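Scroll down for the structure; my scribbles are underneath it.
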Amino acid sequence: MTTTTFVTNPKIAIIGAGGFVFPFRLIGDILSFPALRESTLCLMDIDPERLKPVADASEELVAHHGFGTTVQRTTDRREALAGADVVIITFQVGGVASYRHDVEIPRKYGIDQTVGDTLGPGGVFRFLRSVDAYDEIADDARELCPDATFINYANPMAMATAYLNAKGLNAVGLCHSVQGTTRMLARTLGVPYEEVSYRCAGINHQSWILEFRHGQEDLYPRLHEVMGERHQRGRGAAQLAGDDGDHSEAAEEVSSYEGGNEQVRTAIMAHFGKFQTESSHHASEYLPYFRKDAATVEEYIPQRWDYYEICGAHDEQGDIAGQLEKMKEQLTASVEYGAMIVNSLVTGTPSVVYGNTPNRGVLIENLPADACVEVPCLVDSRGVQPTAVGALPPQLAALNRTNINVQTLAVEAALHGDREHMFHAVALDPLTGAKLTLEEIRAMTDELVAAHGDMLPERLRGGAG
């Protein structure tokens, strides 16, 4: 088969290369493809101390394998973007210090977000404090690399990717929810993953596994049976734990095996028909059913997992030395899609990924035109090409729209400097609306605005009203 070449030795810029673990793993993915080993990797971060261990490890990895890769390091965004063929965004503006406000202020008002990076008050403000950085990148990119493909890994995925595209960039957002969940379900059912076929569509962190098959067998009947049994067992174990929050041995046993702590997603599947692609911890934040009070949380999520606490406790850059040694021994790609996209762009070798992209009323017919949707995408030398999936089952589209309301209003606030839309985005969050009055939501939004201060775009400071 003849393939066309996108560019011989691409320049791949990683903006936010000093981040926790992920950027270096991504570099390993890139170098696992032979066609990308003559690339220029331009690693950019505003903090040279955070950038240094990643860049040093990357240079050592390249030297160890004898590749012709050029590794550059810079704190200058324009230098990184100049002439880039692919730009990968991996940063979080404000770090853990700002993330603290996203989590702790809503908790004062009774909104307990287990992660708070995708939807709700945490997701809205994580996005809004990143807007100035996105504006600067977009302004520079239109001048310095107007034809570049942008790959966004930053959360909140739907808001960030929608905004980058609205600012004129050719951006696709990537997550690992689809490949992670389908692998988990294949293991749960005892089916070899390479023999499974599936089709998913929806929005990031709330995409739906529409088909899940092993050859000609529809795996959904077995999935309902197996996950339903575990769901009932998990609820029973949670009830045995009592109201004091002290998990019984039965609850610990349930949460310890594959798929056991998935009561939220299993309940969603039981009542709405399909399994969603993000974990039960995340999924519990996006709907009004699972975090109403401490007892309900305990029933559906018997083992607490708090991402803010995890972020506050770990070494910010993780075990880069350990990762380096593993990659020296064996350089293989992870399940992430980013390097696969770059390889397809460069070699023309087709691949299929699940990407986040503007809907424009075509890809998923019964979701809004201005939504950012997650759909299968063909990738080759012509770029990332989203495919149309038609209409979702109406109940699934309805669930998605409750989340899209928040996402599109936050993007509107950023695009037009509309402070009221900040409030509207938070007020329309399903969990927030189930817990708080409008007056309480207004007060919480104003407190978040004040806490983030000049991290927010100037056009959005000074309160939500």
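The values are calculated or read from the model by the stated rules, or taken from the named source; none is laboratory data. Just so you know, these numbers come straight off a predicted model, no measurement behind them. Cβ: placed from backbone, ideal geometry, glycine included. Neighbour counts: every protein chain shown. Remember, those area values only see protein heavy atoms, side chains included, never the ligands or the DNA or RNA. Shrake-Rupley method; radii C 1.70, N 1.55, O 1.52, S 1.80 Å.
Brief remarks on what is shown
- For a straight C-alpha distance cut-off of 24 angstrom, the lysines reachable from Lys11 (same-chain residues fewer than eight places away being disregarded) are Lys52, Lys167, Lys328.
- Net charge dipole, the chain: roughly 980 debye, given to the nearest 20, about the Cα centre with Cβ charges of +1 for Lys and Arg and -1 for Asp and Glu.
- Size of electric dipole in region 163-221: Cβ of Lys, Arg +1 and of Asp, Glu -1, about Cα centre, debye, nearest 20: 300
- Accessible solvent surface per residue of the chain, calculated while the other protein chains remain in place, 1.4 angstrom probe, Å²: 39
- The string of couplings for region 436-443 from the Karplus curve (6.51, -1.76, 1.60, θ = phi - 60°) is 10, 7, 4, 5, 5, 5, 4, 5 Hz, one whole number per residue in order, with x for Gly and Pro.
- For region 28-176, a Kirkwood hydrodynamic radius built from all Cα pairs, placed in the Stokes-Einstein relation at 10 °C and 1.306 mPa s, yields a translational diffusion coefficient of 95 µm²/s.
- Coupling constants for region 325-342 follow from the phi torsions by the Karplus curve (6.51 cos²θ - 1.76 cosθ + 1.60, θ = phi - 60°), and in residue order they are 4, 4, 6, 5, 6, 8, 9, 10, 6, 7, 7, 5, 8, x, 5, 4, 4, 4 Hz; glycine and proline get x.
- Leading residue at positive end of dipole, the chain (Cβ point charges), from Pro121, Thr75, Ser32: Ser32
- Start at zero, step by 10 Å, and the Cα-Cα distances of the chain spread as 4, 20, 30, 28, 15, 3, 0 percent across the bins.
- For the chain, calculated [θ]222 nm from helices alone, where every DSSP H run of n ≥ 4 adds -39500 (n - 2.57): -15000 deg cm²/dmol
- Within straight-line reach of Lys326, meaning a Cα separation under 16 Å, sit the following aspartates and glutamates at least 8 residues removed in sequence or on another chain: Asp29, Asp56, Glu59, Glu60.
- What the Cβ-Cβ distance of Thr437 and His416 gives, at R0 = 35 Å and to the nearest 0.05, is a FRET efficiency of 0.85.
- Shown for region 127-225: the carbon plus sulfur share of the solvent-accessible area, taken with all protein chains present and a 1.4 angstrom probe, equals 44%.
- DSSP finds beta bridges in the chain, and of those with both partners inside it, around 50 percent are antiparallel.
- Under the convention that each Lys and Arg Cβ holds +1 and each Asp and Glu Cβ holds -1, the size of the dipole of region 289-378 around its Cα centre is about 360 debye.
- Reach of Lys274 by Cα under 14 Å, taken over aspartates and glutamates that are not fewer than 8 positions away in the same chain: Glu211, Asp218, Glu225, Glu262
- Difference of contour (0.36 nm per residue) and Cα-Cα distance, Asp56 to Ala450: 138.0 nm
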